[in-house]
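The values are calculated or read from the model by the stated rules, or taken from the named source; none is laboratory data. Here the structure is a predicted model, which is why all the values come from computation and not from measurement. So basically every Cβ, Gly included, is an ideal-geometry build from the backbone, and we count neighbours across all protein chains shown.
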Amino acid sequence: MNKYEVIVVGGGHAGVESALATARLGHKTLLITGRIENIATMPCNPSIGGSSKGIIVREIDALGGEMGINADKTLIQMKMLNSSKGPAVRSLRAQADKITYPKEMQKTLKNQENLDIKEAMVEDLIIENKKVKGIITDKLEKIESKIVILTTGTYLKSDILIGSSRTRSGPHDEKPSLHLSDKLKEYGFKILRLKTGTPPRIAKDSIDFSKAKVEEGDKKSYTFSHDIKAIYDINNQVPCHLIYTTLKTHEIILNNLNKSAMYGGIEDIIGIGPRYCPSIEDKLVKFKDKDRHQLFLEPESLYYDDIYIQGFSTSMPKDIQEQMVKSLPGLENAKILRYAYAIEYDAIYPTQINASLETKIIENLFTAGQINGTSGYEEAAAQGLIAGINASLKLRNKEPLILKRNEAYIGVLIDDLVTKGTKEPYRMLTSRAEYRLLLRHDNADLRLREYGYKVGLISEEKYQKLIQKKEDIKKLINEIKTKKISITKDNKKTSLSIYEYLKTPSTSLLEILKEDKNYSQEVIEQVEIQVKYEGYIKKVEREAEKMLKNESKQIPKDIDYNKVTNIATEARQKLIEVKPKTIGQALRISGVNPSDISILMVYLRKYYNE
Amino acid sequence: MNDTITAISTAQGVGAIAIIRVSGDSAIDIVNKIFKGKDLTKQKTHTICYGHIVDKNKVIDEVLVSVMRAPKTFTKEDVVEINTHGGIATTNKVLELLLLNGARLADAGEFSKRAFLNGRIDLIEADGIMNLIEAKTQVARELSINQLSGKVSNLIINLRDKLVQIIANIEVNIDYPEYEDIEQLTNSKIKNNIETYKKQLIQIIKEAEDGKIITEGIKVAIIGRPNVGKSSLLNNLLDEDKAIVTDIEGTTRDIIEGNLSISGVPLTIIDTAGIRKTDNVVEKIGVDKSKKQIEKSDLVIYMLNNNEKIAKEDIELYNLIKNKKHIVVINKIDLEKKLILPKEIKNPITLSILNNMGVDKLKEKIINMFNLEKLSTSDLTYLSSARSIALLKKSLNYIENAIENINNNSPIDIVEIELKNSWEALGEIIGQTYSEELIDELFSRFCLGK
């Protein structure tokens, strides 16, 4: 019997990050997946990044993860979203090639030292004294390891729903895991049933694109990665197209509503779908007065013909889908290559895991990705990376890496999950980040690279580059504080420091330092943002400090909330469920009021003298 | 949790001075912002400074300020105590200024709680504090709902709703930048909305302040035919010869005002010109003004002369005020009784101002009418409305910043920070807080999807 330090169950975006992280940190790692050729595929939309998600990809890269660089190598279109808005909300989105993205990732995995890959279905865990010791496959093979990371995606007892048919299956007709979630239940986990959907794919040559509006990529090149230069040709990006639903489409959908799996086609749906990506039938029912809905036609790959209809996910039966698709402008003769479907799957209530992503119930068992109730490739990859890092830190007897809400979107993501839990698949939104002015696309490396270096995923060379950048920023700020610039104001010539000048609206440091060759564009941009928004950044930093103060107030592990008299019943239940580590975390639990916290603090002081 | 808290530490309105206590990291900075005198941040610990509390250069009160630095204080935090000149209005105004400048109104028992948490009070006292927190939070919860009249809180809810529509729209523009169906808000598009919003907010602040006798005091108008003794009553109440008192009718041709305090609540007493039919132009202006004063006042003291028969003007005058809060007084009871009170005029208080008889009875009646005694002991009602008004003003500040940002062409997400702060400040008044509310709003208002 083989023995590993880490076993990662699942080869999706979470699993590959976990496996690469632990293997790179020197731990003998096994990645087990249902089908090796499907590792790191993108079963839903063909894009990486997006608003706030693009910043997550930058953070993954800053910490030493793979998603950013892999997307950079395989993207076919790139856009900086919100470029007309402030620096805090800018975010990259790439159309990634669905063939080359997984291929490139698989190549990286195969070349990775310390990493074995195995094709099998995991159906049970080896557990002794509430500690995981390995896994058991459907062939009853036992493989031992010190740590197991579950990144099972939508494969736990998953059902594919199309019209009135329910089929037990994973995406791509893959086998689902039939028993693992029941076993988890046996071990004490509360199981959550979730649902998501995907739109139909259409043959490219059956679409008349002349009826659609072309959506091009940006004419400036970008990368997610902090370390490589863009390799794509900005003048040769693949466009997307914009179309709208027609009244005919609406008529077809509304007349056949009862045939949709979600609207009575199947009676026993219990999975909760996400509000932010409703099916087209949901949109019609919820927003009755809208006479059209926007749809994007997105290319999936340069190597095959499928076009993804973003905004058109549905669980209608196939014949109705045919009618629906053909009612769209330019798609009158469309050939559907793959039908839309909804998928229902098991996850665990994320309040059962710690912020390190180790479960509270079984020691050395980590979970990441959709099993924790999230949705999205980026959210999954971020958790996979953190689970991998913390698995390694645990093996090395070190404190886990827990990113704070003011440090990273990843911190917001994990804190939300383990503190607030979720009832629907959780997607990151900029509005979830209260300190978003600090969590920018442009400063991901300044925020997080040091952590990556300390953990061991960022090389000395990359780290030195960061140090240099930090020094340059400091130097340039000092320089512009003394350097004067003369301007004409109210017909009078005056002179003021560049630093002051920069604070007035519509000024650009890049413009002023056109001739300066001492600083990189990145450094100049960073200084401009830091100086221009200094007032707001400081304000947010002060708010964050308040939060951090509460984060430093620890709650003892052995506290018995039943002994804390006078707190509201709901608050007590929530506190028992979440077991917050700090007063700060306790404050963020919904249903726990400041007065409950007051009582808790008095109790703590009384019985723990702290 | 170590934000800076403040509260009035003395019983309201009774003593000659009142003490407002401020505790927390920014206690000294916050008081320094509204203090004119020495720079408090440079004072040694446990010292007292003389100076004035000012609101944008307007002097509110002459005060003594004690600066006590951590840790040798009651809470083991920086503590400042402001000694003001009693009276609810002044003390309340100072408190409001503190709240506006970054302090938070302390919960009941919170100073003691901090003293305990910071290790100042021993364990035996802990249970008592627990009970206090428990009991008073219940009161506070009820209060936060009742603190403003239904009208004002409805206005706030409506206003917040308008603002959140803008905020949610901006958020959606950020999270779903390519949804052309959803209007892309720009600074110029929201500018008009925000300006209207600002106007409405100012209106609400005005209404909230109007609704509160405690900040503004009670306006009392004394009315009656000429020479019934209105000016004498005013002088008696004020203890000074402010109005000219003569036996000649129509001596008081303009309005004379005086301020006094009953149970700590300021009363503004207005002596009106005697109202009678007149062709004298100068006096006519006085009479018109008197009628206006009646409209503006919270209480009318309707005065009759014991020594004269009831006149047609008396009845007409009474009809003017009978639907207002009023007290009927009959003066000159030391003289022969010629007055026969009509049936509709009830419960008069009889006095002789000349002999200083019955004036106390009048004061007592005023106290009962406005529940002033209750007001002075149960301070929470008015404390929470001071809090509301401070929050309303804070909300207005943010809106003003937002408008400035729009004018400076800041990116819309920066403008939105101010809008969100404004929205949150309003939410605090009616007990709604951020978090999921906005995200729910996003999904219920906009059609988004993959």
#### Entry: Which numbered condition A:Asp442 fails, given (1) more than 27 Å from A:Ser520 (Cα to Cα); (2) touching a residue at least 24 places away in the same chain (Cβ under 8 Å)
(1)
### Message
Going residue by residue through the stretch B:78-99, is there one that turns out to be within 14 Å of chain A (Cβ to nearest Cβ) and either crowded, with 18+ Cβ neighbours inside 10 Å or modelled with pLDDT of 70 or more (or both)?
### Response
no
### Task
Can you run down the residue pairs with Cβ atoms below 7 Å, 6 or more apart or on separate chains, where the first is in the stretch A:196-222 and without any contact (Cβ under 8 Å) to a residue 60 or more places away in the chain and closer than 18 Å to A:Gln294 by Cβ and the partner is outside any loop (DSSP other than H, G, I, E, B) and not charged (D, E, K, R)?
A:Lys213/A:His241; A:Lys213/A:Leu242; A:Val214/A:His241
## Note on the structure
The helices (runs of 4 or more DSSP H) lying wholly within the stretch A:452-532 that contain at least 2 residues that are modelled with pLDDT of 95 or more and exposed (fewer than 13 other Cβ atoms within 10 Å of the Cβ) are A:460-482
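Condition check ((1) modelled with pLDDT of 95 or more; (2) part of a loop (DSSP other than H, G, I, E, B); (3) farther than 20 Å from A:Leu20 by Cβ) across all residues:
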{"position": "A:Glu344", "(1), (2), (3)": "no, no, yes"}
{"position": "A:Ala381", "(1), (2), (3)": "yes, no, no"}
{"position": "A:Gly384", "(1), (2), (3)": "yes, no, no"}
{"position": "A:Gly388", "(1), (2), (3)": "yes, no, no"}
{"position": "A:Lys394", "(1), (2), (3)": "yes, no, no"}
{"position": "A:Leu401", "(1), (2), (3)": "yes, yes, no"}
{"position": "A:Asn406", "(1), (2), (3)": "yes, yes, yes"}
### Message
Among the residues in the stretch A:197-214, are any within 14 Å of chain B (Cβ to nearest Cβ) and under 30 Å from A:Leu140 (Cα atoms)?
### Response
no
#### Entry: Identity of the residue in the stretch A:259-281, in a helix (DSSP H, G or I) and modelled with pLDDT under 80, that ends up farthest from the other protein chains (Cβ to nearest Cβ)
A:Tyr263
### Query
Is it fair to say A:Leu448 is away from every other protein chain (no Cβ under 14 Å), closer than 28 Å to A:Arg588 by Cα, at pLDDT 90 or above and buried (at least 18 other Cβ atoms within 10 Å of the Cβ)?
yes
### Task
Of the numbered conditions (1) modelled with pLDDT under 95; (2) surrounded by fewer than 23 Cβ atoms within 10 Å (Cβ to Cβ); (3) part of a helix (DSSP H, G or I); (4) hydrophobic (A, V, I, L, M, F, W, C), A:Ala88 fails exactly one; give the number of that condition.
(2)
### Residue that is within 14 Å of chain B (Cβ to nearest Cβ), free of Cβ contacts under 8 Å to residues at least 60 places away in the same chain, part of a helix (DSSP H, G or I) and surrounded by 15 or more Cβ atoms within 10 Å (Cβ to Cβ), where the choices are A:Val540, A:Val602
A:Val602
### Message
For the stretch A:562-599, give me each residue that is within 12 Å of another protein chain (Cβ to nearest Cβ), among the hydroxyl-bearing types (Ser, Thr, Tyr), surrounded by fewer than 17 Cβ atoms within 10 Å (Cβ to Cβ) and more than 27 Å from the chain's Cα centre (by Cα).
### Response
A:Thr565
### Task
Output the residues belonging to the stretch B:27-73 that are surrounded by fewer than 18 Cβ atoms within 10 Å (Cβ to Cβ) and in a loop (DSSP other than H, G, I, E, B).
B:Lys38, B:Asp39, B:Lys44, B:Thr45, B:His46, B:Lys56, B:Asn57, B:Arg69, B:Ala70, B:Pro71, B:Lys72
## Note on the structure
(1) of a type in the set (D, E, K, R); (2) at pLDDT 90 or above; (3) outside any helix (DSSP H, G or I) all hold for A:Lys557 apart from (2)
### Query
Just wondering, is there one or more residues in the stretch A:46-57 that are within 14 Å of another protein chain (Cβ to nearest Cβ), under 30 Å from A:Ile537 (Cβ atoms) and among the charged types (D, E, K, R)?
yes
#### Entry: Lone qualifier among A:Asn478, A:Asn491 - being more than 28 Å from the chain's Cα centre (by Cα) and at positive phi
A:Asn491
### Query
Does A:Lys454 satisfy the criteria of being touching a Leu at 6+ places or on another chain (Cβ under 9 Å), of a type in the set (Lys, Arg) and not assigned by TED's automatic domain parsing to the domain that holds A:Val531?
yes
### Task
Would you please list the contacts, defined by Cβ atoms under 6 Å and residues six or more apart or on different chains, that run from a residue in the stretch A:283-300 that is in contact (Cβ under 8 Å) with a residue 12 or more places away in the chain and more than 9 Å from every other protein chain (Cβ to nearest Cβ) to a residue that is assigned to a loop (DSSP other than H, G, I, E, B) and of a type in the set (Lys, Arg)?
A:Glu300/A:Lys98
### Query
Looking at (1) aliphatic (A, V, I, L, M); (2) within 14 Å of chain B (Cβ to nearest Cβ); (3) crowded, with 18+ Cβ neighbours inside 10 Å, can you tell me which one A:Ile559 breaks?
(2)
